Amino acid sequence: MTTDRTVSEPIAAAGGVTIATDIAIVGGGLAGSLAAAVLARAGHRVVLVDKRAVYPDEFRVEKIGGHQLEAFRRLGFIRGLESAACPYDRVLNIREGKVVDVSVGQAYGLSYADLVAMARSQLPDPSSLIVDEVTAISCSDDVQHLELASGRRVTARLIVLATGMSGVLGYKLGIRRRVLAAGHSVSFGFTIARRDGAPFDFKALTCYGERIADGVDYLSLFPIRAGMRANLFMFRDPADPIMRDLRRETEATVLRLLPGLQTYLGDFRVVDRIRNWVMDLSVVEGHLQPGVVLIGDAFQTNCPAAGTGVARLLVDVERLCIEYAPRWLMTPGMSREKISEFYADRDKIAADQQSLKMARFRQALTSRDDIGWDVRRRLHFLRRSITHRVDQMRPGWLAHVRSALRA
């Protein structure tokens, strides 16, 4: 057995053992771990299969807020989130060194590894997590089978693929990924601190790109336990030399792209490893099969700048684990007809479509240089600035207007 708890731990003595369960979830990232906890707490027999006992600290989801919090609350994870994350309730939004507006609302910052650990901690029985690797998969209208690297087998009525952008298992079932936009966006993540050790003068800050040619959508700064986290989102060729500059000379390159930040950050430095991610927009095809369902990024990828990934994931988990899977288990079989109900769910379809729509909108708002989008961009920030100034003169009026519109 290896001493590295982040990699596979095949158990030779377990060879030949067959584990029978209602639902087998493959992939123990956020989607799979949340789904496993929701189903297990409802009394279903569930196993979660992942090759890592402790999920690694990947550059993925690092902040939760807005309507996402309501979904976490409905699913019963809000207390776990609060205990694992750093709260903040105000975000200063700037562009060209000037305040655009201030966003007010509860939000939380945390590392993706801590987020996954929180979800896994909600499993009623820790032994539900099988640290192993799936090597083969077969599905039918009745019973599904998984072969594991350790020699063990898993039989289940339903398999949930929450394997993210890794399509190896899906490929074995004939599921293919269709790329809608290759290299759609580039994201960078790093943690910063002031060189003098003093705290920053804001709880959280968003700085929007200043020039179309730079391809910068925005830089988001927010607290996590390790310090002030920075997420930079760009629509630019991943092979552009500036990507190398951002990795090697991060502080100087960020200020070159966003000079208006200097006043707010002062003399700062990056205090951890620079991580970056190139995201393709993609969807799967051939996924409607008996006995298996795909959720989260395994079904469709998202643009990180649009901030819709977690919302989509939560819709998938909530609809599958609260509405469909429990009902499917009440009757024999796991046919295509049953599985199709989930993919045809109105809330799921709406979340998937909104995610793609926002991905294209963020790219156009950042990068399009025709007169129509130039006017739209100017009006977008002007409207926000005017609304903010009026709200400063008449505090609370915006909240009253929004409340009236919802009534």
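A short reminder: the numbers here are calculations on the coordinates, not readings from a lab. As the structure is a computational prediction, the values presented were derived from the model and not from experiment. Cβ atoms come from the backbone with ideal geometry, glycine included; neighbour counts cover every protein chain shown.
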Quiz item: Tell me, what is the percent relative contact order of the range 182-278, built from C-alpha pairs under 8 Å that lie six or more residues apart?
Solution: 42 percent
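What percent does the relative contact order of the range 104-170 come to when contacts are Cα pairs within less than 8 Å and at least six residues apart?
Relative contact order for the range 104-170 comes out at 19 percent.
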Self-check item: Helix 346-367 vs. the chain, principal-axis angle (Cα, 0 to 90°, nearest 10)
Solution: 40 degrees
Quiz item: Averaged over all directions, how much area does the convex hull of the C-alpha atoms of the chain cover when projected, in nm²?
Solution: 21.8 nm²
Quiz item: Pairing the Cα long axis of helix 371-393 with the longest principal axis of the chain, what angle in degrees results, from 0 to 90 and rounded to the nearest 10?
Solution: 80 degrees
Quiz prompt | the chain: calculated mean residue ellipticity at 222 nm from DSSP helix runs of at least 4, using -39500 (n - 2.57) | solution = -10000 deg cm²/dmol
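Treat the count of other C-beta atoms within 10 Å as a stand-in for reagent exposure and order Val168, Val292 from fewest to most.
Result, fewest neighbours first: Val168, Val292.
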Exercise. Could you list Cys303, Cys139 in order of exposure, starting from the residue whose Cβ has the fewest other Cβ atoms within 10 Å?
Key: Cys139, Cys303
Practice problem: Before anything else, pin down the relative contact order of the chain: Cα pairs under 8 Å, at least 6 apart, normalised by residue count, whole percent. | Solution: 19 percent
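Stretched out fully, how many nm does the piece from Ser121 to Arg90 gain, at 0.36 nm a residue minus the Cα gap?
Full extension from Ser121 to Arg90 adds 8.3 nm.
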Practice problem: Please report, in Å, the Rg and the Dmax of the range 156-232, where both are computed over Cα atoms only. | Solution: 19.5, 58
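Using just the alpha carbons, could you tell me how many Å³ per residue the convex hull of the range 182-278 encloses? Could the numbers behind the result be given before it?
Numbers: hull volume 8.9 nm³, N = 97.
Once divided by residue count, the hull of the range 182-278 is 92 Å³.
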Exercise. Would you list the P(r) distribution for the range 235-392, with all Cα-Cα distances sorted into 10 Å bins from 0 and each bin expressed as a whole %?
Key: 8, 24, 27, 22, 13, 6, 0
Exercise. Could you line up Thr191, Thr366, Thr387 from fewest to most neighbouring Cβ atoms inside 10 Å?
Key: Thr387, Thr191, Thr366
Quiz item: From the residues Met228, Ile212, Val254, which one has its Cα farthest along the dipole of the range 182-278 in the positive direction, the dipole being from +1 and -1 charges on Cβ of Lys/Arg and Asp/Glu about the Cα centre?
Solution: Met228
Quiz prompt | Euclidean distance of C-alpha centroids, the range 23-102 and the range 194-216, integer Å | solution = 24 Å
Quiz item: Exactly which chymotrypsin sites (Phe, Trp or Tyr not before Pro) in the range 177-258 are in a DSSP loop and have at most 13 other Cβ atoms within 10 Å?
Solution: none
Quiz item: In degrees between 0 and 90, to the nearest 10, how far off the longest principal axis of the chain does helix 309-318 point, with axes built from Cα atoms?
Solution: 40 degrees
Quiz item: Using a simple spin-label model with points 7 Å from Cα along the Cα→Cβ vector, what separation in nm is obtained for Tyr171 and Met330?
Solution: 4.0 nm
